[in-house]
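The values are calculated or read from the model by the stated rules, or taken from the named source; none is laboratory data. Predicted, not measured: the structure shown is a model, and the values here were computed from it. All Cβ positions, even for glycine, are placed from backbone atoms using ideal geometry, and neighbour counts span all protein chains on display. The accessibility values were calculated without ligands, DNA or RNA, using every heavy atom of the protein model including side chains. Shrake-Rupley method; radii C 1.70, N 1.55, O 1.52, S 1.80 Å.
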Amino acid sequence: MYRLFLVISFAILLTTSCNRDKNSVSENAQQLDPKIEKLKLQTGFHAEHLYSPSENELGSWVAMTFDDKGRLITSDQYGALYRLKLAPIGADSLTPEIEKLKMQTGEQQPDSIIQMGYAQGLLYAFNSLYVMVNHWGNEEFEKTSGLYRLQDTNDDDQFDKITLLKEMNGAGEHGPHSIILGPEGESLYLIAGNHTDIPEMDAYRLPKVWQDDNLFPQIKDPRGHANSRGAPGGWIAKIDPEGKHWELVGAGFRNAFDIAFNEFGDLFTYDSDMEWDMGMPWYRPTRICHVTSGSEFGWRTGNGKWSSAYPDNLPAVLNIGQGSPTNVMYGEYAKFPERYRQSLFAFDWSFGIIYAVHLQPKGASYVGEKEEFLSGIPLPLTDGVIGPDGAMYFMTGGRRLDSDLYRVYYDGDADVSDKAQISKAAVAETKENKIRKQLEGYHNGYKEGAVDFAWPYLNHKDRFIQYAARLAVEHQPLQSWQERVYEEKDPVALTQGIVALSKHADKSQRERMLSKLLEIDYNGLSSKNQIDLLRAYELSLSRFGKPATSLQNKVINRLTPHYPAKTDVKNQLLSKILAYLDDPKLASKTLALLESKQGENASVMANTATDASDLILRNPQYGMDIAKTLKSLPPAQHTYYGMVLSTVSKGWTPELREQYFKWFYKAFSFKAGNSYIGFIDKARKKALTHVPENEFEYYDEMSGVSLLSGSGNELVKAVQPKGPGRNWKEEDIAPLLSNGLGIRDFEQGKNMFIATNCITCHSMQGEGENIGPDLTQLGTRFSLEDMLESIIEPNKVISDQYNTSVYSLKNGQSVVGRLMNEDDENYIISQNPYALDLLRNIPKDQVVEVKLSTLSLMPPGTINRLNEEELKDLLAYLMAGGNPENDIYE
């Protein structure tokens, strides 16, 4: 049980209004379909609810495409394909005609159900249905993960031929995902997550020379996530319609689900974050990426993710924030106002938001500005597409959640003329973008003149041009450009040349490469070029190892005067390079940074387009983890320096060593993502390998071993459930309580109260938090049946005292928070239940509507780890109000 907000709601639901202005709530809310009423749309847009597959036992839909006859084809995440004939916009009856796809072949009986489904990507093109199967291990489903092509060879409007174009080694939520039509209409592009191996390609725009390329002491995720996954992570490929020629376009993603082209043929995706990394220096928020030819975005397992500032990967167009990216589509063909036709739509499953990302050309790439186009609570968005009628169609569902199909259309005053009438004057392709594409023409193997053409652009100020130029050089035979690197006099071009050499040369070049880098005047470079130079040092060392002692000392003497630097990314690079080279001054300098205030990025969660606090109450199941992290966020850069020091063996004094191990004890007091404690403990254990054997126990205790559980992945907690758990439902209440509770165990009940996280929101006998109501008197007011029903179905009844509101603003955005007070000018709200004193003012003159949320702060499923006896012990503890002398224990 996580939060029992509801159990006192029956007595106060009808009497408490929290001084809300009742006129501010939509007057006709009771008259509307609740599936529509919960949506917040931009002015002039309207939504229609078309169908609920889950209510009709057709599964939870996650993929969709329109065929050449305007019919919608969908896929259940764990089941079959369906074809829908949709009613037109505004029809009296919106219920579609639905058929489960069938097929007939010489090997099957007539009208047999098609053995195809489990799709996370669908595309109708070239008179075929392309299906990206993501097989989850159901033995009844015979198809493996991969890309399939379905065809109707006898024109009977049923698919009768299935061709496996490419089998893929990957499955699950990080498996094969979406497939789209190329911008020229003659090819296909597909994307897969980082748990899908890159199949053998016919061509590689990103040269197949990837490695981890990081001197930072590697620690894989302590909870085991993606520990077996190597570089380069998630990937995108281009293929021909027959699936005969495969070309790798880009990689380095974590788990981007979908891709889309804009009107200039530029490709974009929406990559995911790793929520267990929140609060740590390698955390990367969900982000919009411009996927250029041969692009690399630097995902690596565990703490090995690259900084976006490194020259051998590309930065995001826009950092969104926390979330779970799913669909991406471009609005070019929508009958929407021009602003939205030139926007990328990005879906967030966790927090129920469709972002409209307005892209503005900047140099050879873009900058993005996000707008909340549509949102709902809850609204687990899965897929979407612009239909032939110019409307937006989207679905909710996934993970067997309730699934719905919607249509959004525009009926406002703006011009929504055909695509041909869209003015491109507002968004023109830049000169730099054209140069980049010229350079990318050399990304497919040897071409005469490539090195001469690309070389002058190695010192270009535009990162995307510089990156494209380096890759153009790398695609040419090494002997045609290796000596040109050593002859280069320009420090910027030389740095880029060494970056290229580090990926293609061998160990025999190490001394020459480092010697050339030593010739570059560090102080004469811009901050960006200093970062590139340090990265070139790191790549040379990580690929080829330490040089001879004399050269090693020269590198130390060159770099150590610049450490510490004024920026975090340079300090990170300098600290790990100098630690690797055994700089004796590194320990004292880095410990000084551990005692200093934060650098320019006090929080790695701060520099995003969506403030983390804005997301907490949109989906408490995910948001409450964000809330707890924001309450006690660790100093991110301190975590980095602490890990760098874990491998340092030189330069220690007893005082420095004691200072360092005390830092670990302090680090355990912070709250971050679920893997934070495990990462800190693994670094602690690495550091302990460098202390004298007779002092091990002393430093082990000093650094906090007594605080940790046996696994080291979390702090010591109460006894955990033994299980086996079950998915508790309302129909289980009567059988469970039919014979009463019997003789109960107080201590186990208290442990279950802690283990199910009730104590993180509620107090009992003065212990716990005050986010929800005090539960000490709970048993005097409610029956066991009432308690258990409120735990299992927390959204049934929500007290006004603990409910949140959705404030729709004039600028089209929405804010979710709990109303704490109001005056004539402002609603005063709190967005973090763990920090109720952090208040935000919402000007009333900017609010167009206020709706009560239909989602409780207490998520469902909180007791699903408990077996029957553990659940009864918990209920007894609640009934007794945490009092071991209560009669229930007699």
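Laid out as a table, the results:
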read-out: Greater than 31 Å apart at Cα, pairs in 570/810; 666/750; 516/686; 238/461; 244/431; 566/810; value: 570/810; 516/686; 244/431; 566/810
read-out: Surface per residue (accessible, 1.4 Å probe) for the stretch 676-804, Å²; value: 49 Å²
read-out: The stretch 277-313-the stretch 781-798 distance, computed between alpha-carbon centres (Å); value: 44 Å
read-out: Carbon and sulfur %, accessible surface of the stretch 202-248 computed with the full protein complex present, 1.4 Å; value: 41 percent
read-out: Rg/Rh ratio calculated on Cα atoms of the stretch 791-878 (Kirkwood radius); value: 1.13
read-out: Per residue solvent-accessible surface (Å²) - the stretch 220-293, probe of 1.4 Å; value: 23 Å²
read-out: Loop-located GluC sites (Glu not before Pro) in the stretch 152-214, at most 16 other Cβ atoms within 10 Å (DSSP); value: 184, 186, 200
read-out: Alpha-carbon Debye profile of the stretch 192-333, log10 I(q)/I(0) at 0.21 Å⁻¹; value: -1.42
read-out: Magnitude of the charge dipole, the stretch 106-260, Cβ model with Lys/Arg +1 and Asp/Glu -1, debye to 20; value: 880 debye
read-out: Dipole magnitude (debye, nearest 20) for the chain, charges at Cβ of Lys, Arg, Asp, Glu; value: 3340 debye
read-out: Solvent-accessible area per residue, Å², over the stretch 499-561 with all protein chains present [probe radius 1.4 Å]; value: 38 Å²
read-out: From phi via Karplus (6.51, -1.76, 1.60), per-residue ³J(HN,Hα) for the stretch 755-765 in Hz, x at Gly/Pro; value: 5, 8, 6, 4, 5, 6, 10, 10, 10, 9, 6
read-out: Residue 362-residue 480 FRET efficiency (beta carbon distance; Förster radius 22 Å; 0.05 resolution); value: 0.10
read-out: Using a Förster distance of 56 Å, the FRET efficiency for residue 734-residue 100 (Cβ separation, nearest 0.05); value: 0.95
read-out: Two-decimal ratio, the stretch 319-387, of alpha-carbon radius of gyration to 2.2 N^0.38 Å; value: 1.10
read-out: Convex hull per residue volume in Å³, alpha carbons only, for the chain; value: 193 Å³
read-out: Directionally averaged projected area (convex hull, Cα atoms, the stretch 650-717), nm²; value: 4.6 nm²
read-out: Sulfur and carbon atoms: percent of accessible area, the stretch 745-862 [1.4 Å]; value: 44 percent
read-out: Helix-only CD estimate at 222 nm, as mean residue ellipticity for the chain, using -39500 (n - 2.57) per DSSP H run (n ≥ 4); value: -7000 deg cm²/dmol
read-out: Within the accessible area of the stretch 353-496 (1.4 Å probe), percent carbon and sulfur; value: 47 percent
read-out: Spherically averaged projected area in nm², based on the convex hull that wraps the Cα atoms of the stretch 284-334; value: 4.8 nm²
read-out: Of 305/528; 305/370; 166/362; 220/585, those spanning more than 30 Å from alpha-carbon to alpha-carbon; value: 166/362
read-out: Alpha-carbon Debye profile of the stretch 369-528, log10 I(q)/I(0) at 0.11, 0.17 Å⁻¹; value: -0.71, -0.97
read-out: Residue 91/residue 597 FRET efficiency (R0 60 Å; Cβ-Cβ; nearest 0.05); value: 0.45
read-out: Sequence-distant residues sharing a close amide H with residue 274 (under 5 Å, placed H); value: 284
read-out: Size-normalised alpha-carbon gyration radius of the stretch 714-753, reference 2.2 N^0.38 Å; value: 1.45
read-out: Whichever aspartates and glutamates have a C-alpha closer than 19 Å to that of residue 650, once near sequence neighbours (fewer than 8 apart) are set aside; value: 582, 583, 658, 693, 695
read-out: Cα-based radius of gyration of the stretch 227-290 once divided by 2.2 N^0.38 Å, which approximates compact folds; value: 1.32
read-out: The stretch 145-248 - Debye-derived log10 I(q)/I(0), Cα point model, q = 0.10, 0.13, 0.18, 0.20 Å⁻¹; value: -0.37, -0.58, -0.96, -1.11
read-out: Principal axis dimensions, largest first and in whole angstrom, of the stretch 256-376 by Cα; value: 44, 35, 19
